[in-house]
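Data block below; observations after.
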There are 2 protein chains.
Amino acid sequence: MRYFIELAYDGTRFHGWQLQPNAISVQEELNGALAKALRNTDINVVGCGRTDTGVHSEYYVAHFDVENPVDESLEWLTFKLNSILPSDICVMSVQQVDDSLHARFSATMRTYHYYVASRKNPFTRFKSYHPPFQLDFDKMNEAASLLLSEEDFTSFARLHSNAKTNICYLQQAEWLVDSNGEYYFRISANRFLRNMVRAIVGTLFDVGRGKLDMDGFKAIIAEKDRQAASSSAAPQGLSLVDVVYPEGRGFARSIPPIL
Amino acid sequence: MRYFIELAYDGTRFHGWQLQPNAISVQEELNGALAKALRNTDINVVGCGRTDTGVHSEYYVAHFDVENPVDESLEWLTFKLNSILPSDICVMSVQQVDDSLHARFSATMRTYHYYVASRKNPFTRFKSYHPPFQLDFDKMNEAASLLLSEEDFTSFARLHSNAKTNICYLQQAEWLVDSNGEYYFRISANRFLRNMVRAIVGTLFDVGRGKLDMDGFKAIIAEKDRQAASSSAAPQGLSLVDVVYPEGRGFARSIPPIL
């Protein structure tokens, strides 16, 4: 039996999604909560992707397998998990799905937001990045649009990664304005390389502050060398906000995606 | 010379606005930052009102007096204060005002929001209250509207307070829905008694969960006894969001009020 968990977490306190020795992770917390709720210590959740230390997820999907169906109702399990989990992780739903649906490999699209704060803001300090320089968002959007005609993102891939390919199909890469007048970068693709969004945002910051012109940005993409691009943007501005799965295999989103 | 400071703070870490021995306060942080920035340890800021431990301010006004005009530009002072102050306090502006304008006594209206989270939410956990019961907001609005015809708020005043009068003129007391579909209570008045908003919200929660009917709510208002009302709502849901001053005495808001 396979179950999908829809969840969200504030990544501030975690060393990312992925289980690791000597560091607190969201995966570990979720495994522990499932072990308590279902009295089963063999469960190991599989996430839709890694998130780095300090990166948030407003929407995240993970799956777990058990031999027998969960005894209690899935509403009960959702409630129980939330009562066990710390306040920085919440579960929105638990649903039984087709065994062939995989949280990571079945996902067809992922979307990230990178939030920028135009001023020091006590209320968004863990969720956005306040750059100590002025940014020209028109220029950053001009550069971002160049990414859409690109498929090889080696320039923004972590060095010595064990990814087989650096090919990603982007659907959107655009700076938008939220209801408070603050800018955020929205980027959607079938897959992302490790550290890719923060490397892109960091390089776009160099465009926005005038350190890099459009030709320079094009050259970085063409170079296919991570060392050509700028340093990564700070993790606290980044949130995974959407993951899409093919319909018809038992999974129904319980909350609408962020538009 | 008198100066007005517009600021905001996340109250989570503070024992309220007011300076007190052996506990960290916003007033103490601001006094310390002004002492460093202006090399003057005699400055003592006067706030527009007290906020309790854990209560936030999205908009707060304080004043301070100095013998001679500030040497540097007020933009410099704003920047300097923000660089000295911790990340949970930010200064929006410093402005010279008429000496007769007083941060507390000149304020003609104050507005608070009380934010409710309909589900466990990692991102608003320090800024809203997630009640462990269902609420009927229509009934709560029916009860809230009764407050508007009232002037004596003794039923919602802290016992043994040293306030001379418990008379307040309310302009608004209403549950509204924000852009995320979450409810918040907006209450405006010329003045508020200590603990008044949280006592009102706590009592409205009892209406919303069916523990108190409209007649019971009316009786509590009429009784003029704090012990008749319900317990106070948790502090983290409460934020001061607006303070209004009479025009024409040198003070110009640097950010628009939240509507």
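Points worth noting:
- Any hit, region A:228-244, residues being loosely packed, with under 13 Cβ neighbours inside 10 Å and in contact (Cβ under 8 Å) with a residue 12 or more places away in the chain: yes
- So B:Arg191, is it under 24 Å from B:Gly16 (Cα atoms), in contact with a Ser or Thr (Cβ under 7 Å, 6 or more places away or on another chain) and surrounded by 14 or more Cβ atoms within 10 Å (Cβ to Cβ): no
- Filter result (within 12 Å of chain B (Cβ to nearest Cβ), among the aliphatic types (A, V, I, L, M), buried (at least 19 other Cβ atoms within 10 Å of the Cβ) and not in a strand (DSSP E or B)) within region A:80-115: A:Leu81, A:Leu85
- The residue list B:Leu146, B:Leu193, B:Leu159, B:Leu204 contains one member that is more than 14 Å from chain A (Cβ to nearest Cβ) and either touching a His at 6+ places or on another chain (Cβ under 8 Å) or under 26 Å from B:Glu6 (Cα atoms) (or both), which is B:Leu193.
- For B:Ser145, the test of being small (Gly, Ala, Ser) and not in a helix (DSSP H, G or I) is failed.
- Here B:Lys127 fits the description: within 14 Å of chain A (Cβ to nearest Cβ) and either in contact with an Asp or Glu (Cβ under 9 Å, 6 or more places away or on another chain) or part of a strand (DSSP E or B) (or both).
- In this structure, B:Leu77 does not qualify as within 13 Å of chain A (Cβ to nearest Cβ), closer than 29 Å to B:Lys127 by Cβ and open to solvent by less than 40 Å² (accessible area, probe 1.4 Å).
- Against the criterion of being more than 14 Å from every other protein chain (Cβ to nearest Cβ), open to solvent by 80 Å² or more (accessible area, probe 1.4 Å) and part of a helix (DSSP H, G or I), A:Asp138 qualifies.
- All of B:Leu148, B:Leu176, B:Leu204, B:Leu170 fail the test of being aliphatic (A, V, I, L, M), open to solvent by 70 Å² or more (accessible area, probe 1.4 Å) and farther than 30 Å from B:Asp99 by Cβ, apart from B:Leu148.
- Listed here are the strands (runs of 3 or more DSSP E) enclosed by region B:167-259 that have at least 3 residues being within 22 Å of B:Thr154 (Cβ to Cβ) and under 20 Å from the mean Cα position of the chain (by Cα): B:170-177, B:183-189.
- Members of region B:152-164 found to be in a loop (DSSP other than H, G, I, E, B) and surrounded by 11 or more Cβ atoms within 10 Å (Cβ to Cβ), listed by number: B:Phe153, B:Ala157, B:Arg158, B:Ser161, B:Ala163
- Of all residues making up region B:30-43, the number that are open to solvent by 50 Å² or more (accessible area, probe 1.4 Å) and either in contact (Cβ under 8 Å) with a residue 24 or more places away in the chain or not in a loop (DSSP other than H, G, I, E, B) (or both): 1
The values are calculated or read from the model by the stated rules, or taken from the named source; none is laboratory data. Nothing here was measured: the structure is a model prediction, and the numbers come from that model. Neighbour counts run over all protein chains shown; Cβ positions are idealised from the backbone, glycine included. Areas reflect the complete protein model, heavy atoms only, side chains present, ligands, DNA and RNA absent. Shrake-Rupley method; radii C 1.70, N 1.55, O 1.52, S 1.80 Å.
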